[in-house]
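Inspection log for the structure reproduced underneath, given as structure tokens.
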Amino acid sequence: RGADETLLPLSSLVSHENSVRPSKLAKDLMGGVVLIGLWDGDEKKIISAGTGFIADRKQGLVITASHVLMKMEQGHKKFGRDYFGLKKGKAVIGVIPRSSDGSRSSKAVFRYFAEIISKDVEHMDACVLRITTRMEEDVGGQGEGCGDQPEILLVNDSKAIKAQKLKRLQMTQEFAMEEGVRILGYNQGGEGLFEKGEYIHNTLDVVRGYVSCLFENDINVNMVEKDGLVLDGQITPISLLREPAPVGIFSPRKEIVVRCPTIPGHSGGPCVNHDGEVIGIVSRADPVESERCYLVPASELKVLMEKARDVCNRNPMDLMWN
């Protein structure tokens with residue numbers, strides 16, 4: 001299948017299956033889909049990139065895949081450590097700005113810094129970020145100027161966050177087998193950050209697919225060594241493992257399987273239904289089938305959001321003394 005059949009321009013969003021135009025087009029959603037970068041303050045550059053979406057505009061909360069901002073390799077000594085253990089690491093957020101006439105292009109600029117406030121690395125490849133500051137000027141290109149910008153404090157300032165006019169994407173826990181879906185993200189393949197060019201692509205693109213199945217509770221998808229047998233990326237019943245996966249092992253509770261191409265940089269990107277509602281975010285590709293990917297379901301994301309809102313609602317003075 002050619003690339004033009006799977007990576008579609010934003011102006012062409014008619015379903016292959018039934019030629020029915022989605023009620024929410026990508027151009028209506030792109031304001032809520034953000035480019036996530038891992039900023040290395042020592043190197044003064046963005047060293048990793050993925051995708052995320054705005055889940056709460058009032059508190060400036062963004063959801064992305066954990067592995068975009070932290071080490072998720074099984075058994076690694078830095079497993080689950082924020083910002084890959086970088087001393088001066090933090091998240092930088094790129095958004096697609098509105099033009100003077102209110103329309104949007106499909107290209108993001110870096111505008112905010114954010115912090116990780118909610119995660120559960122053993123059970124889901126997802127985390128919640130809170131926007132903390134806004135750069136005085138938007139930064140384009142590779143984001144080299146992000147570290148040189150004066151920053152405007154936004155955290156714990158509801159009026160300042162509201163003034164940003166962030167676009168929130170709605171989540172839903174409802175989905176159906178064979179339901180047509182779209183994944184929105186910032187492709188870092190080809191000449192992007194994950195290939196030889198190491199060039200950050202800041203243009204949003206869209207991939208179509210359909211829901212294949214839901215794995216729940218009785219699976220373990222990770223690398224586990226048991227009695228000399230390495231189970232690498234296989235869907236293995238937990239009953240076959242004689243003991244629970246130890247700390248530092250990724251063992252998801254639930255995953256939605258979607259049939260569609262997996263693309264570097266789409267990690268953390270929202271998978272949306274016909275109505276533009278987020279049913280989950282991209283976690284990982286299938287190790288065997290390139291046309292299959294795994295999502296963290298919205299039901300799991302909502303658990304993280306509850307934890308994140310608890311953090312946001314705490315009194316800053318309480319946090320100082322705890």
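The values are calculated or read from the model by the stated rules, or taken from the named source; none is laboratory data. The shown structure was predicted, so the numbers you read here are calculated from the model rather than taken from an experiment. Heads up, the Cβs are rebuilt from the backbone with ideal geometry, glycines too, and the neighbour counts pull from every protein chain shown. SASA here: full protein model, heavy atoms, side chains in, ligands and nucleic acids out. Shrake-Rupley method; radii C 1.70, N 1.55, O 1.52, S 1.80 Å.
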> Under a Cβ-Cβ cut-off of 10 Å, what is the net charge of the residues other than Lys162 that fall near it, where Lys and Arg count +1 and Asp and Glu count -1?
Replying inline: +3
> HN-Hα J couplings of the stretch 49-54 from phi, Karplus 6.51/-1.76/1.60, θ = phi - 60°, integer Hz, Gly and Pro as x?
Replying inline: 9, x, 10, x, 9, 7
>> Please compute the per residue accessible area over the stretch 244-292 with all protein chains in place, 1.4 Å probe, rounded to a whole number of Å².
In response: 34
> Of the heavy-atom accessible surface of the stretch 16-142 (probe 1.4 angstrom), what whole percent is carbon and sulfur?
Replying inline: 44
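Could you provide, to the nearest whole Å², the per residue accessible area of the stretch 104-208 with probe 1.4 Å? Working shown, then result.
On the way: 5030 Å² over 105 residues.
Accessible surface, normalised per residue, equals 48 Å².
Highest mean first, what order results for 147-159, 252-264 on Cβ atoms within 10 Å? Show your work: numbers first, answer last.
Working: 147-159: 13.6, 252-264: 21.1.
The peptides rank, most packed first, as 252-264, 147-159.
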>> List the residues, sorted by chain then number, that are 5 or more residues from Arg284 or on another chain and whose placed amide H is less than 5 Å from its amide H.
In response: Tyr294
> Per q in 0.15, 0.17, 0.22, 0.23 1/Å, what log10 I(q)/I(0) does a Debye calculation on the alpha-carbon atoms of the stretch 23-127 return?
Replying inline: -0.65, -0.81, -1.18, -1.25
> Looking at this model, which pairs from Lys45/Lys78; Lys24/Lys87; Lys77/Lys159; Lys44/Lys159; Lys71/Lys107 are more than 32 angstrom apart at the alpha-carbon?
Replying inline: Lys24/Lys87; Lys77/Lys159
